[in-house]
Amino acid sequence: MLKKILNYRPDFLIVLIALGVVSAILIPVRGEAAHVANWVTTGAIALLFFLYGARLSPREALRGLMHWRLHLLIVVFTFVLFPLIGLALKPVSGLIGQPLYLGILFCTLVPSTVQSSVAFTSIAKGHVAASIVAASASSLLGVFFTPLLVMVLMSSGGGLQVDASTFLDIGLKLLLPFVVGQVLRNIPAVLRIAKSPATKKVDQISIGLVVYVSFSEGMVEGIWSSVSWWTVLGLVVGSCALVYAMLGVTSAVSRKLGFNYQDQVAIQFAGTKKSLASGLPMAAVMFGHGGLGMMILPLMIFHQVQLIICSIRASSYAQRYERDPENARTW
């Protein structure tokens, strides 16, 4: 046992996430540098999806698009099961206060992430094409479903301003690079670069950048100093419990419905996530700046927790798949 501990080498993705959190605490990016960091992160994500497009054959991409059962199941997890869990947690409002509970409820209403869901699916040797379509569809549906769920479940006053810019952002930053990759994949040099081991590190690097930039935003806004340490600890523990519960549910249901290993991975990583990138702008529009910090704190913590837990899970799946691809399954 001691020898195993001494010989342990942490996964590169875990190191990047830890480095992102520590760096954000010590040197949070702010001001003009924050704008530059956001552009760099956007560029890394666009490059990530370009590489996905270049790696996938059009046949695989079309197969992912046509996998409607998988997409429907992820939508049910994201916009039905998660909100029901949020409503079931209503009794905790007496302990933590109504504002923080509303933040927890809002966390359960936002769409799934795109980049991290796809990155973890890729790392775990899952169905990447289906994951791209499913996670992107979740973000698009979230433009309509999240404000509607907020109005119904949170009784939020004021108008909800949802416009075409969200669709445009998703199209330009994610789907367009993927399509360009699909078009250029027939160029041998592009295909060689896309499939080289070095470029596969883009998965982990893009997630590390997202962690650093998003955690820096919380540090600059002073969110972490506005609540007690036991409240933050409670949110961390609760987020861990929720992530593990959803990982178990998505795994069990997808296996029960007969999905293969690659599909199980895509369902699990897209169906257990909540998007900070989508949730923060939506919160700013719907709730203004009054008490916004408390509203988004649960989502920020859940976002970091899901990245850490799912990165460990993705690495574990990849190892199991490489040892025995025929009998690989999620758990």
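The values are calculated or read from the model by the stated rules, or taken from the named source; none is laboratory data. All of these numbers come straight from a predicted model, not from anything done at the bench. Cβ sites come from the backbone with ideal geometry, for glycine too, and all protein chains shown count toward neighbours. What goes into the accessible areas is simple: the full protein's heavy atoms, side chains included, and nothing from ligands, DNA or RNA. Shrake-Rupley method; radii C 1.70, N 1.55, O 1.52, S 1.80 Å.
Model label points for V152 and A189, set 7 angstrom from Cα along the Cα-to-Cβ axis, are 5.3 nm apart. Fully extending the segment from R329 to N38, taken as 0.36 nm per residue of separation minus the present Cα-Cα distance, adds 101.2 nm.
What's the FRET efficiency of V180 with S57 using the Cβ-Cβ distance as r and R₀ = 25 Å, to the nearest 0.05? Walk me through the intermediate numbers first.
Numbers: r = 15 Å, r/R0 = 0.62.
Using R0 = 25 Å, I get an efficiency of 0.95.
Note on V92/W229: beta-carbon distance plugged into 1/(1 + (r/R0)^6) with R0 of 22 Å gives a FRET efficiency of 0.80.
When the C-alpha to C-alpha distance is required to be over 32 Å, the pairs from K90/K201; K90/K125; K195/K274; K195/K256 that qualify are K90/K201; K90/K125; K195/K256.
Report in % the part of the accessible area of the range 15-130 that belongs to carbon and sulfur, leaving out ligands and nucleic acids; probe 1.4 Å. Before the final figure, lay out each step's value.
Values: 3830 of 5070 Å².
Carbon with sulfur: 76 percent of the solvent-accessible area.
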